[in-house]
1. Checking VAL68 against (1) surrounded by 10 or more Cβ atoms within 10 Å (Cβ to Cβ); (2) closer than 23 Å to PRO84 by Cα; (3) at pLDDT 90 or above, which test does it fail?
2. Within the set of pairs 6+ apart or on separate chains, which have a first residue in the stretch 58-84 that is outside any loop (DSSP other than H, G, I, E, B), a second that is open to solvent by less than 100 Å² (accessible area, probe 1.4 Å), and C-beta atoms under 6 Å apart?
3. In the stretch 3-43, what residues are assigned to a strand (DSSP E or B), open to solvent by 100 Å² or more (accessible area, probe 1.4 Å) and of a type in the set (S, T, N, Q)?
4. Taking ASN27 as meeting all but one of (1) in contact with a Phe, Trp or Tyr (Cβ under 9 Å, 6 or more places away or on another chain); (2) at pLDDT 90 or above; (3) polar (S, T, N, Q), write down the number of the exception.
Amino acid sequence: MNTLFFEVLIAPGYDEAALTILKSKKNRIIIQQKARAPVTKTFKNLLNGVLEQDADTKAEGKNEFKVVTTIAPTEQQLPTLLLP
């Protein structure tokens, strides 16, 4: 395998014109990537094990905020409370 040279291209899809050009060179392997399933779990390594948790798939907006303190944020402060 040391004496062989080849290129591997991986992409979610290829345009027909681009595919024609890409196939013209020898020693080129073209792979189409399958769509990935959405992530529902995340895993973190710990010293003596693994932590499994549900993936956070929802981003809250200012309409979902619930004020539980005596001082409520102003309309100008609300955008700074949102996570990117």
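1. Only one criterion is unmet by VAL68, namely (1).
2. LYS62/LEU78
3. GLN32
4. Of the numbered conditions (1) in contact with a Phe, Trp or Tyr (Cβ under 9 Å, 6 or more places away or on another chain); (2) at pLDDT 90 or above; (3) polar (S, T, N, Q), the odd one out for ASN27 is (2).
The values are calculated or read from the model by the stated rules, or taken from the named source; none is laboratory data. Just so we're clear, the structure is a prediction, and the values are computed from it rather than from any experiment. Because the Cβ atoms are built from the backbone with ideal geometry, glycine has one as well, and the counts that use them run over all protein chains shown. When the accessible area is computed, the model is the full protein with side chains, heavy atoms only, and any ligands, DNA or RNA have been set aside. Shrake-Rupley method; radii C 1.70, N 1.55, O 1.52, S 1.80 Å.
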